[in-house]
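The structure appears below as structure tokens.
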Amino acid sequence: MLQELADLMKLEEGSPQSFRVRAYEKAVGAIRELTSDVAGMTARELEALDGVGASTAKKIRVYVETGTIERVEKLRQKYPPSFVQLTKIPGLGPKTAVMLRDRLGIEDVEQLRAALEAEKLRDLPGMGAKSEEKIAHGLERLGLHGKDRRTPIQEAMPIARELLAEVEALPQVRRAEYCGSLRRFRETIGDIDIVAASTDPAPVMAAFLELPIVHEVIGQGDTKSSVLTASGLQIDLRVVAPSEFGAATLYFTGSKQHNIELRQRAIDRGWTLNEYALADAETEETVASRTEKAIYEALGLPFIAPELREGIGEIAAAEAGSLPRLVEEKDIKGDLHVHSTWSGDGRSSLDDMVRAGADRGLQYIAITEHAENLAINGLSRDEVRSEANEIARLRNEYPDLTILHGSELNIGPDGTLDYDMDFLMAFDWCVASVHSHFDLPAAAHTERLLAAIAHPAVNVIGHPTGRMIGRRPGIDFDLAAVLDAAAETDTALEINCHLDRLDLPSDLLRQARERTDVKFIISTDSHHTREYRHLQWGVKNARRGWIDKRQIANTWPKRKFLKWAARA
DNA sequence: GCCGTTTTCGGCCCGACTGTTTTCAGTCG
């Protein structure tokens, strides 16, 4: 409701940056990060939140009690959804939308289309034939890539990496980095931002605009250009001097709120921070600019990892020295969710999977084929016994690698698992996952998860929400109850590395971050040898979730881990 | 609308690009 209020206020105030709009958006951010239910908070408790004042606290209370906010109702009358839709058109902002209504009586997209065809826009103040053309073009893009459309990370990441490689390969480019929400590792991306360091920007810009992926140029300048791919994904390239690279990546990585807080911090010290440098406000002398680390240090802060830069308290935590100890890829000592061709959907042989795990320097792995209840992909009991013999052979071949014989069980709609108790207890390691019946009510999902967590054979709950980013929402369940049960039984929760899963999602991880009694396992869920390298994504997701690495059980050395796994 | 280790009033992050203007408004990030 507050977000809608912010959006409507953009129209009312004629600016997306009006102070009132920004205040509402800040309040939205504060509430989004709450771990407790906002409905249960008093006005006084709400006001204690950073960014929520008396006015917003009152609105929240009224909304909780009556289900409506008068201000929103009035604004909805004035700006109905069909009118608000106009501002979703790229290049068309609140000022223009309101003027179109005042001057031409345009109330919705259809009327705008008619006015464009009749060439009525070009006679309006501040507009001309080109503006008309721009808006007409923006209208075409609305379906393909409106302001609200976000691209799933698994779609954007490979494009960004390839693009980055091409930019880095240009002879004039010293170094380059992808920034924006992709570097912060959000699960959906608005656009791809690339920053390049060069003393000679013109050829870099020219080469960028000529790349095969560029379908359309929507803006080009000396140091900044924006293009669209054929699928409508926007890519921005910014070229800065090498000495400015740190300031530029900091700025383009954001988030917006993080930048605002950093800049406020600069102002408090008599400095100013922009994409070129942290500099003295009076003399304009540079304080720091080459690296992000130098800028943070000048501002009295330790380096803040990109995954944390959401403007949700990371700067205060950094100042207080209370940031979590973040996991890194090299900390991970074992992979506890690995398939082979024994599973119907596995694509590398067991021998290859084990060899690849050993080659990566893993100290322990768990082979976890699908279980019998997963119709096509699961293993019968006989197959499980046969694979056990193969694993015994491989243990001899790889004496330094501990190979756990595991299974990925299916949590049924009633919480029951595959096989039977005796059979299950013979496994070294069990992952239990939801693979079906995604549309039950939340209470039923909570019950089935609690049942699986309570089962003595289960070590970890696999991809707990079952969501597929951009395709399928996760199951809804009572997170607090699941965390309580996981802590009670010492059952871990998985952080699945697949880019289309990232499950648990980082927002749920953040809600769990104060639960230091809960363990997590970062698993690749590999079905092919090359998927081991997906580990990096699970690591980034855990970092984004503010999870302290001491709670991630597969960072532990082999002895500690095996002792815990056997006990659990 | 929010906020305060100079402030309870008067500030609030900063700049590129476009299209329209002769110095700026709108949009965007």
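The values are calculated or read from the model by the stated rules, or taken from the named source; none is laboratory data. Being a predicted model, the structure only gives us computed values, none of them experimental. As a convention, Cβ positions derive from the backbone with ideal geometry for all residues, glycine included, and neighbour counts pool all protein chains shown.
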*Just wondering, is there one or more residues in the range A:248-262 that are of a type in the set (Phe, Trp, Tyr) and in contact with a helix residue (DSSP H, G or I) (Cβ under 7 Å, 6 or more places away or on another chain)?*
yes
*Looking at this structure, is A:Gly246 in contact (Cβ under 8 Å) with a residue 24 or more places away in the chain and part of a loop (DSSP other than H, G, I, E, B)?*
no
*In the set A:Ile315, A:Ile411, A:Ile403, A:Ile376, which member is within 27 Å of A:Gly466 (Cβ to Cβ) and touching a helix residue (DSSP H, G or I) at 6+ places or on another chain (Cβ under 7 Å)?*
A:Ile411
*Given the conditions (1) without any contact (Cβ under 8 Å) to a residue 40 or more places away in the chain; (2) near DNA strand B (Cβ under 9 Å from one of its atoms); (3) part of a loop (DSSP other than H, G, I, E, B), and given that A:Ser15 satisfies all but one, which numbered condition is not satisfied?*
(1)
*When you go through A:Glu275, A:Glu284 one by one, which is the residue that is under 26 Å from the mean Cα position of the chain (by Cα) and within 16 Å of DNA strand B (Cβ to nearest atom)?*
A:Glu275
*Filter result (surrounded by 15 or more Cβ atoms within 10 Å (Cβ to Cβ) and in a loop (DSSP other than H, G, I, E, B)) within the range A:48-90*: A:Leu49, A:Gly51, A:Val52, A:Ile69, A:Tyr79, A:Ile89, A:Pro90
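For residues in the range A:260-272 being free of Cβ contacts under 8 Å to residues at least 40 places away in the same chain and near DNA strand B (Cβ under 10 Å from one of its atoms), which is nearest to the chain's Cα centre (by Cα)?
A:Arg263
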*asked:* I need the full set of residues from the range A:91-139 which are within 10 Å of DNA strand B (Cβ to nearest atom) and outside any helix (DSSP H, G or I), in order please.
replied: A:Gly91, A:Leu92, A:Gly93, A:Leu124, A:Pro125, A:Gly126, A:Met127, A:Gly128
*Of the residues that make up the range A:28-42, is at least one more than 9 Å from DNA strand B (Cβ to nearest atom), in a helix (DSSP H, G or I), at pLDDT 90 or above and charged (D, E, K, R)?*
no
*Which members of the range A:29-48 meet the condition of being among the hydrophobic types (A, V, I, L, M, F, W, C) and either under 18 Å from A:Arg309 (Cα atoms) or more than 24 Å from the chain's Cα centre (by Cα) (or both)?*
A:Ala30, A:Ile31, A:Leu34, A:Ala39, A:Met41, A:Ala43, A:Leu46, A:Ala48
*Looking only at the range A:149-186, which residues are part of a loop (DSSP other than H, G, I, E, B), over 20 Å from A:Asn259 (Cα atoms) and not basic (Lys, Arg)?*
A:Ala169, A:Leu170, A:Pro171, A:Gln172
*Within the range A:424-442, track down each residue that is more than 24 Å from A:Ile521 (Cα to Cα) and either surrounded by 12 or more Cβ atoms within 10 Å (Cβ to Cβ) or modelled with pLDDT of 95 or more (or both).*
A:His437, A:Leu440
*Those residues of the range A:526-568 which are surrounded by fewer than 21 Cβ atoms within 10 Å (Cβ to Cβ) and among the basic types (Lys, Arg), in sequence order*: A:Arg530, A:Arg533, A:Lys549, A:Arg550, A:Lys558, A:Arg559, A:Lys560, A:Lys563, A:Arg567
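Please tell me if A:Arg515 is of a type in the set (Lys, Arg) and touching a Leu at 6+ places or on another chain (Cβ under 6 Å). Write out each step before concluding.
Numbers: of a type in the set (Lys, Arg): yes; touching a Leu at 6+ places or on another chain (Cβ under 6 Å): yes.
When the stated conditions are applied, A:Arg515 passes them.
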*Within the range A:164-202, restricting attention to residues that are out of contact with any helix residue (DSSP H, G or I) (no Cβ under 6 Å at 6 or more places or on another chain) and of a type in the set (S, T, N, Q), which residue is farthest from A:Ser243 (Cα to Cα)?*
A:Thr188
*For residues in the range A:176-213 being without any contact (Cβ under 8 Å) to a residue 24 or more places away in the chain and crowded, with 16+ Cβ neighbours inside 10 Å, which is nearest to DNA strand B (Cβ to nearest atom)?*
A:Tyr178
*Would you mind telling me which numbered condition in (1) modelled with pLDDT under 90; (2) in contact with a helix residue (DSSP H, G or I) (Cβ under 7 Å, 6 or more places away or on another chain) A:Asp268 fails?*
(2)
*asked:* Testing A:Glu70 on (1) among the charged types (D, E, K, R); (2) away from DNA strand B (no atom under 13 Å from the Cβ); (3) farther than 30 Å from A:Leu499 by Cα, one condition comes back false. Which one is that?
replied: (2)
*For the range A:314-345, which residues satisfy the criterion of being among the small types (Gly, Ala, Ser), more than 24 Å from A:Gln551 (Cα to Cα) and surrounded by fewer than 20 Cβ atoms within 10 Å (Cβ to Cβ)?*
A:Gly344
*Does A:Leu8 satisfy the condition of being buried (at least 16 other Cβ atoms within 10 Å of the Cβ), closer than 27 Å to A:His258 by Cβ, more than 11 Å from DNA strand B (Cβ to nearest atom) and not polar (S, T, N, Q)?*
yes
_Restricting to the range A:218-231, name every residue that is of a type in the set (Val, Ile, Thr), within 8 Å of DNA strand B (Cβ to nearest atom) and in a strand (DSSP E or B)._
A:Ile218
*Criterion (among the aromatic types (Phe, Trp, Tyr) and either without any contact (Cβ under 8 Å) to a residue 40 or more places away in the chain or touching a Ser or Thr at 6+ places or on another chain (Cβ under 8 Å) (or both)) met by exactly one of A:Phe561, A:Phe520*: A:Phe520
